[in-house]
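Worksheet: the structure to be examined is printed underneath.
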């Protein structure tokens with residue numbers, strides 16, 4: 001077959017395009033990673049400067065110093081950076097820079113609670129001393145031994161409670177609110193014992209249930225009158241009236257024995273209140 005040699009050949013060029021830069025490349029990612037790493041190091045440095053003591057910062061500097069691996073001022077500890085670890089659970093609370101499982105962010109509340117317990121223990125000790133002084137006034141006097149039968153003392157969460165109650169043969173009030181001679185002696189002893197304390201007091205009156213049915217129950221009036229009468233008696237012996245925070249009448253609503261009509265329920269309570 002014959003060919004036409006005068007026809008020019010067709011040449012096809014294929015271009016291979018390689019993208020090596022621009023916003024579609026990966027070079028910017030490396031630069032961004034370097035920037036993030038530098039910022040992380042910067043903020044770590046700022047945190048260390050704020051969260052460490054001068055001694056710890058000296059230890060950190062010694063750690064990165066090839067010429068002085070151990071400084072004379074360093075702690076010599078086997079912890080991180082030749083000193084205490086800033087992440088240690090027992091260091092963070094003491095430094096006041098964070099919380100831990102040993103001491104949480106309520107550390108101040110815990111310290112306040114500890115101080116309150118110490119103060120309560122100290123007051124309990126003083127209250128016990130007042131009890132000893134009050135009960136130790138009996139000596140050899142038969143009269144004082146006699147009125148000590150009326151006294152019950154106890155220390156409660158509210159304070160030191162001094163309870164003075166009737167006995168079957170020796171009431172504290174000869175009428176609804178007239179103090180007996182025994183109550184005068186008790187009031188004097190309370191005044192003398194109160195000199196050991198600066199606490200305010202609360203005075204509460206209690207009476208036994210009246211055995212006769214009346215139109216009006218006198219229990220509330222009697223308990224209020226007796227609390228007021230004992231307060232006046234204390235004042236007469238020199239007790240400062242401004243130390244009396246409150247007077248309370250309980251009527252016959254809080255008997256201390258099962259028989260609500262028992263003379264044992266006729267009582268006055270003096271409470272030296274906690275600060």
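The values are calculated or read from the model by the stated rules, or taken from the named source; none is laboratory data. As the structure is a computational prediction, the values presented were derived from the model and not from experiment. Counting neighbours? That spans all protein chains shown, and the Cβs are built from the backbone with ideal geometry, glycine included.
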Which of the residues belonging to the stretch 225-237 are in contact (Cβ under 8 Å) with a residue 40 or more places away in the chain and either outside any helix (DSSP H, G or I) or surrounded by 18 or more Cβ atoms within 10 Å (Cβ to Cβ) (or both)? 225, 226, 227, 229, 230, 233, 234, 237
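Which count do you get for residues in the stretch 201-231 that are within 29 Å of residue 272 (Cβ to Cβ) and modelled with pLDDT under 90?
We begin by selecting, within the stretch 201-231, every residue within 29 Å of residue 272 (Cβ to Cβ); these are 201-209, 219-231.
Still in the list and also modelled with pLDDT under 90: none.
Matching residues across the stretch 201-231 total 0.
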Checked 115, 154 against criteria (assigned to a helix (DSSP H, G or I), more than 21 Å from residue 240 (Cβ to Cβ) and under 27 Å from the mean Cα position of the chain (by Cα)); the one match is 115
Residues within the stretch 199-218 that are in contact (Cβ under 8 Å) with a residue 40 or more places away in the chain and part of a loop (DSSP other than H, G, I, E, B), tallied: 8
Tell me, please, whether a residue that is within 20 Å of residue 160 (Cα to Cα), part of a helix (DSSP H, G or I), over 35 Å from the mean Cα position of the chain (by Cα) and assigned by TED's automatic domain parsing to the domain that holds residue 133 can be found in the stretch 238-250. no
Can you confirm whether residue 212 is crowded, with 22+ Cβ neighbours inside 10 Å and more than 25 Å from residue 128 (Cβ to Cβ)? no
Can you say whether residue 197 is surrounded by 15 or more Cβ atoms within 10 Å (Cβ to Cβ), at pLDDT below 90 and under 31 Å from the mean Cα position of the chain (by Cα), as far as the supplied structure shows? yes
Inside the stretch 159-184, the number of residues satisfying the requirement of being crowded, with 16+ Cβ neighbours inside 10 Å and outside any loop (DSSP other than H, G, I, E, B) is 11
